[in-house]
Amino acid sequence: MKHSLKWVAEKHNGYVPRRYNLSLYSDGVQSYVAPSGKFVFYSIVTVKNNGNVPARGTLKVEILDANDKVVGNGHERYIPGLAADSTTNNADQKDISTHTEKHQISMPGNLAARTYTIRTTFIEGRADRKNADEKFATIAEIKTLTRAKGSNKATIASAPFFSDVSSSNGAYYDIKNLYVLGIVKGTNGKFNPQGRLQATEMILRALGIPASSSATLNASDIKAGDYGYAVLATGLRYGTISLENGKINAHQPMTRAAMARALVNGFKLQGYTNNTLSDVPTSHAYFKDVLALYALGITTGYADNTFKPNGTVTRQNFAQFVKRTLYANSK
């Protein structure tokens, strides 16, 4: 913690890119019926700061059923500071960029025979901050826990990933990180295309905001009770989506300009730079939104110094932008 505070107090070159980069993994994983009669899950979790800015947040481990309901008591620990490097110049002579801890989760001894999801997450943000734009998950790991009928042990395995996203895909790691965070869901084991509804869902999940049944939406192409209504109405409430000529256009692709506004409004992003993109002049309706993304490094624009605001954003590109926003907002 002292090392992180010292980093904040020091003078830093404003032109050095701030790089938020954490890694998280678990080992020593096992699950079995303990002498107490409880079905227990045990593992050792390590979080390491590989970036050049300090990090602090909450380490959370949960076991979820098929309906994403938590099974057992879960585990949560606030980590007040992960230093920006592996400096050991401290009283304990320890690597203070890394946090490792053992934990145990107790579940009912009669745990149903099926497969569960083990989600280990790092939630960036101070413990006393509760607003959606101040605390959000940035990295996670998921495994599966399977108990066979009549067995006193469970099998732990790596979780399956989308069959239509190969490791050669340029957005593979961005999509995978959002998948393990629970921000991207997919359908039938595939990543699949995206419309404005799916984009809104992704942002709300990233912010930890559930769809509200009290939110309303006055659009000519959707009504209360229709699929996606609550999600879109909630997105409208938080400014992550807007009407287009009186329509919500749930299944139409989202433009890059609309994506910029969705991210800026959802995450309350602020940023300014004297550098601009040639096709987004100051008179452009989305100028401030695009400028904020550009200033924060969430977008770099195209090689010809354009943003192409009217171009559509693909699902994999949107995943990349959401991940960059999570990281940029964690600095």
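The values are calculated or read from the model by the stated rules, or taken from the named source; none is laboratory data. Just so you know, these numbers come straight off a predicted model, no measurement behind them. Cβ sites come from the backbone with ideal geometry, for glycine too, and all protein chains shown count toward neighbours. With ligands, DNA and RNA removed, areas are computed over all heavy atoms of the protein, side chains included. Shrake-Rupley method; radii C 1.70, N 1.55, O 1.52, S 1.80 Å.
Summary of computed values
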{"quantity": "Table column - 3J(HN,Hα) (Hz), region 39-44, Karplus curve with 6.51, -1.76, 1.60, x for Gly and Pro", "calculated": "8, 10, 10, 9, 7, 10"}
{"quantity": "The chain: DSSP helices with Cα axial extent of at least 18 Å and average Kyte-Doolittle hydropathy no lower than -1.0", "calculated": "315-328"}
{"quantity": "Label-point gap, in nm, between Thr115 and Glu76 - each point 7 angstrom along Cα→Cβ", "calculated": "2.9"}
{"quantity": "Under-5 Å amide H pairs with His103, H placed in peptide plane, nonlocal only", "calculated": "Ser43, Val45"}
{"quantity": "Separation in nanometres of the label points that stand 7 Å from Cα toward Cβ, at Lys223 and Asn245", "calculated": "2.3"}
{"quantity": "For Asp289, net neighbour charge (Lys/Arg +1, Asp/Glu -1) across residues whose Cβ lies under 13 Å away", "calculated": "+4"}
{"quantity": "Peptides ranked, highest mean first, by Cβ atoms within 10 Å: ranges 310-319, 276-285, 253-262, 191-200", "calculated": "253-262, 191-200, 310-319, 276-285"}
{"quantity": "Estimated 222 nm signal from helices in the chain, with DSSP H stretches of n ≥ 4 weighted -39500 (n - 2.57), rounded to 500", "calculated": "-6500 deg cm²/dmol"}
{"quantity": "Relative packing of 146-152, 323-329, which averages over residues the other C-beta atoms within 10 Å, highest first", "calculated": "323-329, 146-152"}
{"quantity": "Computed lengthening from Thr312 to Gln30, 0.36 nm per intervening residue step minus Cα-Cα distance", "calculated": "97.0 nm"}
{"quantity": "Full-extension gain in nm, Thr300 to Tyr272, via 0.36 nm per residue minus C-alpha separation", "calculated": "8.7 nm"}
{"quantity": "Listed residues Leu236, Thr144, His103: farthest to the positive end of the dipole of the chain (Cβ charges)", "calculated": "His103"}
{"quantity": "With at most 16 neighbouring Cβ atoms within 10 Å, loop GluC sites (Glu not before Pro) (DSSP) excluded, longest segment of the chain", "calculated": "135-331"}
{"quantity": "Whole-percent carbon and sulfur share, accessible surface of the chain, 1.4 Å", "calculated": "48"}
{"quantity": "Of Lys143/Lys323; Lys223/Lys268; Lys223/Lys308; Lys268/Lys288, pairs whose Cα-Cα distance is over 23 Å", "calculated": "Lys223/Lys268; Lys223/Lys308"}
{"quantity": "Pair Ser283, Thr155: separation of 7 Å Cα→Cβ label points (nm)", "calculated": "6.6"}
{"quantity": "Listed residue pairs exceeding 19 Å between alpha carbons, taken from Lys149/Lys185; Lys149/Lys190; Lys48/Lys102", "calculated": "Lys149/Lys185; Lys149/Lys190"}
